[in-house]
1. Search the range 43-69 for residues that are outside any helix (DSSP H, G or I) and pair each with any residue that is among the hydrophobic types (A, V, I, L, M, F, W, C) and loosely packed, with under 12 Cβ neighbours inside 10 Å when their beta-carbon atoms are under 6 Å apart and the residues are at least 6 apart or on different chains.
2. Among the residues of the range 189-218, write down those that are outside any helix (DSSP H, G or I) and either assigned by TED's automatic domain parsing to the domain that holds residue 232 or under 15 Å from residue 238 (Cα atoms) (or both).
3. Collect the residues in the range 161-195 that are among the β-branched types (Val, Ile, Thr), free of Cβ contacts under 8 Å to residues at least 40 places away in the same chain and over 30 Å from residue 130 (Cα atoms), keeping them in residue-number order.
4. Out of all the residues in the range 449-463, which are at pLDDT below 90 and not in a loop (DSSP other than H, G, I, E, B)?
5. Name the single residue, out of those in the range 317-327 being surrounded by 14 or more Cβ atoms within 10 Å (Cβ to Cβ) and aliphatic (A, V, I, L, M), that is farthest from residue 368 (Cα to Cα).
6. Since residue 35 meets every condition but one in (1) of a type in the set (Phe, Trp, Tyr); (2) outside any helix (DSSP H, G or I); (3) in contact (Cβ under 8 Å) with a residue 40 or more places away in the chain, which condition does it not meet?
7. Need a quick list: strands (runs of 3 or more DSSP E) entirely within the range 328-423 having at least 3 residues that are buried (at least 20 other Cβ atoms within 10 Å of the Cβ) and either modelled with pLDDT of 90 or more or β-branched (Val, Ile, Thr) (or both).
8. In the range 297-315, what residues are modelled with pLDDT of 75 or more and either surrounded by 16 or more Cβ atoms within 10 Å (Cβ to Cβ) or not assigned by TED's automatic domain parsing to the domain that holds residue 267 (or both)?
Amino acid sequence: MSWRRGRPLSLTLRVALLLAAVSVASFLAVGAYLYHTLQRQMSSRDDVELIVKADQVRHLIAGMPSAEAVRREAHALKDTLYGHNDFMLRVNAADGKPLLQTAVTSRPLPQVDSVPAQRALTLDDIHDWQPASGVGRMVRATGQAGADPVQVTLARERSDRLQVLRVYAGDLLLALGGGALLATLLGYVIVHRSMRQLRSVVAKANDISTSRMNTRLSVQDAPVELRELGAAFNAMLNRLEDGVQRLSGFAADLAHDMRTPLNTLMMETQVALSRARTVEEYQALLASNFEEYERLSRMIDNTLFLARVDNAQLALKREPLDLQAELQRIHDYFEFLADDAGVRLGVEAEPLRASIDPVLLQRAVSNLMANALAHTPAGGAVTLSARQGEEGVEIAVANSGPGIDPAHLPHIFDRYYRADQARSAGAGLGLSIVRAIMELHGGNISVASQPGLTTFSLRFKKI
């Protein structure tokens, strides 16, 4: 059984809910603190009042001549508890005989030690006890009525304390709910207003197309959080615009370059079909057509190679190579072409070994050699060299051609870029392929050019 995911929450709602959660957590923490603070203050105040009343009772008893006087003067002791119906006072003689009791507790009081008459009462002398409802606190002390010791027990049963705390807790929860709801609504409104800049980015992004790529975001007035996003978005648009322009130029150049051999094929075929031809004429036509087919094949092959590199579909097959022998083979391959062009071709390679893909190495160096021969006049020279560098091996192809215009040097390895003095005829992919091969190997390519000497250097790092 497949489950469909629901529509994801908007960023505005997510932030609003997050603010609500933070508000609820904060209110809960503050509410719990206030609740426990109130509980402690009420308990502390009750304990102090219990000690004060017990001291008053002991003081009055100390002024009585005997234990029997406690019974006779009971009204004076009861007056100390006037207005405090939650107090229970009990005075017993030394033999346990009750002398005074103002009320009966809901449950029996526990047996606790009595504080001596000579010692003042403190909060540590108060004990807990559990009434039928509410909270209970008590103190037991010895008093002196003349020569007779008496035991004074003062207890308090505060069921109203729990009720007060319940009402307070209810008010806190009500305030918590209202505060959380208000925080959610205000958070949603604030975040929604803050997202106007982001919605502006989305609106401008929707307006961008291949025919309108000059739109840019204004980041000066944007918040700090969106300023980096806007700058990155503008940089992306710059790259896209540059890529689209180059791709458009490449498409036009490729169409032009492919149209030339196709037109040649069509024209020669039409001429051949206009009348009967001899076998020799048909053979010459087929040979000419074969050259044009090779040219088309190279264009397609170069384009597919770069596409595989871009999509990481090309795996390196490194092998330990004898660079001197590899460069000599490439020299031998181009030697006949150099002789036909009247160009001297030489090799200056140290005996070196490196782990390189042999097929890709041959392709990269061959592209540079073909480019050098195409731009070296008759009587010039092309030199192929290899040496050990600080970080690896370096292979260089130098020619004595007229050099490359400095304005073209920053772009000479860019894909689809064409310069009359820097590129051979074609789609402008030769040097781009060389750079792609070097990037696959983790190396780099550079060029240095001046009138009479242009050198392309391939640097392969040590593995």
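1. From residues that are outside any helix (DSSP H, G or I), there are no pairs.
2. Narrowing the range 189-218 to residues outside any helix (DSSP H, G or I): 195, 208-218.
The answer is 208, 209, 210, 211, 212, 213, 214, 215, 216, 217, 218.
3. 189, 190 - these are the residues of the range 161-195 that are among the β-branched types (Val, Ile, Thr), free of Cβ contacts under 8 Å to residues at least 40 places away in the same chain and over 30 Å from residue 130 (Cα atoms).
4. Hit for the range 449-463 is 461, nothing else.
5. Once the filter is applied, the top-ranked residue is 321.
6. (2) is the only condition that residue 35 fails.
7. On the way: elements: 344-349, 353-356, 381-388, 392-399.
Hits in the range 328-423: 381-388, 392-399.
8. The answer is 305, and nothing else.
The values are calculated or read from the model by the stated rules, or taken from the named source; none is laboratory data. These numbers come from a predicted model, not from an experiment. Counting neighbours? That spans all protein chains shown, and the Cβs are built from the backbone with ideal geometry, glycine included.
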